[in-house]
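Visitor: Got a structure for you, written out below as structure tokens; questions coming shortly.
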Amino acid sequence: ADALPSNSRYQFPKGFLWGAATAAHQIEGSPMADGAGPSIWTRFAHTPGMTLNGDNGDIACDHYRRWQDDVKLMRDLGLQAYRFSVSWSRILPEGTGRVNQAGLDFYSRLVDALLENGIEPLLTLYHWDLPAALDDRGGWLNRDCADWFAEYGRVLYRALDGRVKKWVTLNEPWVITDGGYLHGALAPGHRSRYEAPIASHNLMRAHGAAVQAYRAEGKHEIGLVVNIEPKYPASESEADAAATRRAHAYMNEQYLHPALLGRYPPELKEVFGDAWPDFDPEDFKLIVQPLDFVGINYYTRSVTQANDSYPLKAGAVRQPLATYSETGWEVFPQGLTDLLLWFKNTYGDLPVYITENGAAFFDPPVAENGHVCDPLRINYLHKHLRAIHDAIDAGVDIRGYMVWSLLDNLEWSLGYSKRFGIVHVNYGTQERTPKDSALWYSQVIGSHGRKLDEPSPY
Ligand code: PNW
């Protein structure tokens, strides 16, 4: 493919890494196999009323037993990279202390299989499944979590560094605290304006401690993954402008500011009021660590207006002419270009990976001819990849793109109702069928993006 002329508008830079992403709890199943301890998600999903239809991760995509087939599937699609997460309580069933070798072996074999098939692993240490034993000790509200997380990281760095060259500390600290500690929709299901800033701060301390431990042990790259979305004011009123600033600080700056600039944006004090603590300035020395890259998960934007919502007093206004995906998120590709330019202007020239991007749409059943026709997803990916290319043209150092998700999977509290996969999963038989979007994405990869010169099929 490198021999082809490069007069293409959408050819991507050499070495740009094309892949897909998943997370342990969402695909693996067998959460207690081979000596693993329970995680907060196993506990949460088995608490009546916490997830849609009581769906849980006991089976999920059965990836824990079908991982070899799934690696073959990735190879057949031509993926160059696979972003996955490790379940902490498979490695350390009590969260700290005793290492469960069988858990380590699972990920070690997976990494070997990926490498044998020419697929680069991107490993996320924490994608929301805290060992339940650590939640019993206060979880992210306990300042000791920084030591726990560094200890867990060290075990994996020693076992896998050299084979895994790209590491992520946390996936989406915003969702962890907003969902887990402020609004309670995600594990561990707390609802407290007082707890949320403490959990956030401790997550960032844990991030810093894990990066520090990595520098002492590892030789490759480590970064942080955040979910961010641009906030645009719904009107020219001062109230909406202030609401937009709050929403932007809350979602986009709450974690990147401390990690990269060593401070919180002032608007957070406004959002949390008397619940915003006076943090020890010493903590920021641990939190700010040089990072090799930042991972950005992008799904949507928000047109923001002032309202009565707690505690942000800001919310998204529905756009009458826009397309929405099945999670109620507006499809807005231009927002990704805007966001990437904002990132570069605010934080400088740090390498960026798009570590998640994708959409849930209702897919038709697998047709007789074996196809799953999903033009809305192709359209979504096509437009977002062009938006990324626009940001590259504008000088943002974007190194790779991971579709969310490789497989239809467990969408947390929404259970199996939302299908984000480029590969359809039949949860009865566990049969995998690449959707048309997967076949299309495979051609994008094979053409280094030149496939994007074609108009979107939808
Ligand atoms: C991400 N928001 O979650 C997660 O990393 C995935 O595990 C998840 O399956 C995927 O996106 C799809 O939801 C998010 O409200 C959850 O802005 C919520 C938001 C963003 C990302």
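Visitor: For a quick check of understanding: with a 1.4 angstrom probe and all protein chains in place, what accessible area in square angstrom does His190 have, to the nearest ten?
Guide: 60
Visitor: Further, regarding this structure: Not counting ligands, DNA or RNA, and with a 1.4 Å probe, what is Ser89's accessible surface area in Å² rounded to the nearest 10?
Guide: Here the accessible area works out near 0 Å².
Visitor: How do 170-178, 112-120 rank on mean C-beta neighbours within 10 Å, highest first? Don't skip to the answer; put the middle values down first.
Guide: Details: 170-178: 23.4, 112-120: 15.6.
Taking the mean over residues of other Cβ atoms within 10 Å, the ranking is 170-178, 112-120.
Visitor: Hey, got a sec? Which trypsin sites (Lys or Arg not before Pro) in the range 354-454 land in a DSSP loop and have at most 16 other Cβ atoms within 10 Å?
Guide: Sparse-neighbourhood loop trypsin sites (Lys or Arg not before Pro): none present.
Visitor: For the range 228-348, what is the accessible area per residue in Å² when the probe is 1.4 Å?
Guide: 45
Visitor: So how far, in whole Å, is the C-alpha centre of the range 343-409 from the one of the range 106-160?
Guide: Taking the Cα centre of each part, the range 343-409 and the range 106-160 sit 25 Å apart.
Visitor: Please get the size of the charge dipole for the chain, origin at its Cα centre, with Cβ charges of +1 on Lys and Arg and -1 on Asp and Glu, quoted in debye to the nearest 20.
Guide: 540
Visitor: Enumerate the amide H contacts of Tyr10 below 5 Å, restricted to partners 5 or more residues apart or on another chain; note that Pro and chain-start residues carry no placed amide H.
Guide: Asp453
Visitor: Related question: Working out 0.36 nm times the residue gap between Leu115 and Gln319, then minus their Cα-Cα distance, what length gain in nm do you get to one decimal? Display every interim value, and only then the final one.
Guide: Working: separation 204, 0.36 × 204 = 73.44 nm, distance 4.44 nm.
Contour length minus the Cα-Cα distance gives 69.0 nm.
Visitor: Give me the distance in nm between label points sitting 7 Å out from Cα along the Cα-to-Cβ direction at Arg98 and Asp58, one decimal.
Guide: Result for the modelled spin labels: 2.5 nm.
Visitor: Could you pull out every one of the lysines with an alpha carbon less than 16 Å from that of Lys383, ignoring same-chain neighbours closer than 8 positions?
Guide: Answer for Lys383, where 16 Å is the Cα cut-off: Lys451, listed by chain and number.
Visitor: Now for a separate question. Using the 2.2 N^0.38 Å rule of thumb for compact globular proteins, work out how the chain stacks up: its C-alpha Rg over that value, please.
Guide: Values: Rg = 20.9 Å, N = 458, 2.2 N^0.38 = 22.6 Å.
Relative to the rule-of-thumb radius for its length, the chain sits at 0.93.
Visitor: Can you send over the carbon and sulfur percentage of the accessible area for the range 14-72, probe radius 1.4 Å, protein chains only?
Guide: Working: 1280 of 2420 Å².
About 53 percent, which is the carbon plus sulfur part of the accessible surface.
Visitor: If you take the square roots of the eigenvalues of the alpha-carbon gyration tensor of the range 239-346 and sort them as a ≥ b ≥ c, do you get rounded (a/c under 1.5), prolate (a/b over b/c) or oblate?
Guide: Note, shape of the range 239-346 comes out oblate.
Visitor: State the dimensionless ratio Rg/Rh of the range 299-458 (Rg: radius of gyration of Cα atoms; Rh: Kirkwood radius).
Guide: 0.99
Visitor: Apply 1/(1 + (r/R0)^6) to the Cβ-Cβ distance of His371 and Ser309, taking R0 = 35 Å, and write down the FRET efficiency to the nearest 0.05.
Guide: The formula returns an efficiency of 0.25 here.
The values are calculated or read from the model by the stated rules, or taken from the named source; none is laboratory data. Bear in mind the structure is a predicted one, so any value in this text is a computation, not a measurement. Note: ideal-geometry Cβ built from the backbone for every residue, glycine included; neighbour counts use all protein chains shown. What goes into the accessible areas is simple: the full protein's heavy atoms, side chains included, and nothing from ligands, DNA or RNA. Shrake-Rupley method; radii C 1.70, N 1.55, O 1.52, S 1.80 Å.
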